[in-house]
Amino acid sequence: MNNTLDTIMNHRSIRKFKDEKLTKEQIHTIVKAAQQASTSSYIMAYTIVGITDEDIKMKLSEVSGQPYVKDNGHLFVFCADLNRINQQATSELQEKMQASIESTEKFIVATVDTALAAQNAVIAAESMGLGVCYLGSLRNNISRVNDILELPEHVIPLFGLALGYPDEQPEKKPRLPLDVVYHENTYANDEQQRSKINDFDQQLKEYYKNRKTNTRIDTWSEQMIRKYSKTIRMDVTQFVKDKKLNKR
């Protein structure tokens with residue numbers, strides 16, 4: 001494997017960072033790498049908000065409930081952004097574009113663009129010897145995050161990204177088997193997948209039982225059933241519509 005593949009294959013989430021801030025040069029390099037991600041129709045429908053104000057970090061940490069939202073080398077918040085297009089248009093043209101901007105299709109475009117940029121940022125950061133952790137927990141109170149960051153219409157905070165120098169080295173968590181996530185030509189039937197997932201459940205059970213910290217008896221299937229048996233963040237749907245996205 002080459003260095004890029006080594007970086008990708010060795011990814012793990014880091015939740016404990018050394019007390020050392022990233023330099024402005026490092027931050028700008030990571031953002032520039034994010035900008036080189038593929039983007040639908042050259043829209044570049046995202047904004048990355050870098051958080052350097054410790055008070056804002058604390059407020060976001062309170063939303064998340066996770067200490068590494070404030071204790072890190074740098075914090076990004078990745079936002080889907082279709083406001084930038086409106087900024088360039090007259091009121092008449094904004095009205096003409098409204099149906100398109102508020103459509104589900106353009107909402108998907110913005111979320112995909114944002115995720116692609118973020119993953120480029122992650123690979124760049126890890127190639128520089130940094131650790132990262134995605135922060136979907138910022139959606140625990142998405143309206144609060146929106147207000148803290150003073151986001152305009154057509155902009156929503158999707159997730160955060162904590163970066164820094166790792167102060168831990170967690171074991172690499174197993175992934176689903178390749179032939180569960182990669183199907184050829186048509187979608188594999190449930191029976192074929194169930195057998196492979198059952199085997200993976202046993203592998204993951206051994207991983208949880210034998211890892212160095214936070215040992216437990218658990219499987220992927222049990223985790224997913226627990227997760228989707230509870231409704232959480234149900235306010236996000238109305239929040240997105242209130243921000244005039246995904247309405248049509």
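Tabulated data
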{"quantity": "Loop-located GluC sites (Glu not before Pro) in region 177-248, at most 12 other Cβ atoms within 10 Å (DSSP)", "calculated": "184"}
{"quantity": "FRET efficiency estimate (nearest 0.05) - Cβ-Cβ, residue 97 to residue 213, R0 45 angstrom", "calculated": "0.30"}
{"quantity": "Shape category assigned to region 1-67 from the gyration tensor of Cα positions, a/c cut at 1.5", "calculated": "oblate"}
{"quantity": "Nonlocal Lys pairs with alpha-carbon distance under 24 Å, region 97-209 (8 or more apart, or different chains)", "calculated": "8"}
{"quantity": "DSSP loop chymotrypsin sites (Phe, Trp or Tyr not before Pro) with at most 13 other Cβ within 10 Å: longest gap in the chain", "calculated": "1-181"}
{"quantity": "Qualifying lysines (Cα of each under 21 Å from Cα of residue 230; at least 8 residues distant if same chain)", "calculated": "none"}
{"quantity": "Kirkwood Rh and Cα Rg combined as Rg over Rh, evaluated for the chain", "calculated": "0.99"}
{"quantity": "In nm, spacing of pseudo-spin labels at residue 199 and residue 38 (7 Å Cα→C-beta vector)", "calculated": "3.0 nm"}
{"quantity": "Three-way shape call for region 160-216 based on the alpha-carbon gyration tensor, with the a/c threshold at 1.5", "calculated": "oblate"}
{"quantity": "Theoretical gain in end-to-end length, residue 188 to residue 19 [0.36 nm per residue, Cα-Cα removed]", "calculated": "56.1 nm"}
{"quantity": "Rel. contact order, % - alpha carbon contacts under 8 angstrom, at least six apart, the chain", "calculated": "27 percent"}
{"quantity": "Global form of region 56-156, assessed from the alpha-carbon gyration tensor, a/c cut-off 1.5", "calculated": "prolate"}
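Here, each number is a calculation from the coordinates, and none is a lab measurement. Bear in mind that the values here come from a model prediction, so they are computed numbers and not experimental data. When we count neighbours, we look across all protein chains shown, and the Cβ atoms used for this are built from the backbone with ideal geometry, even at glycine.
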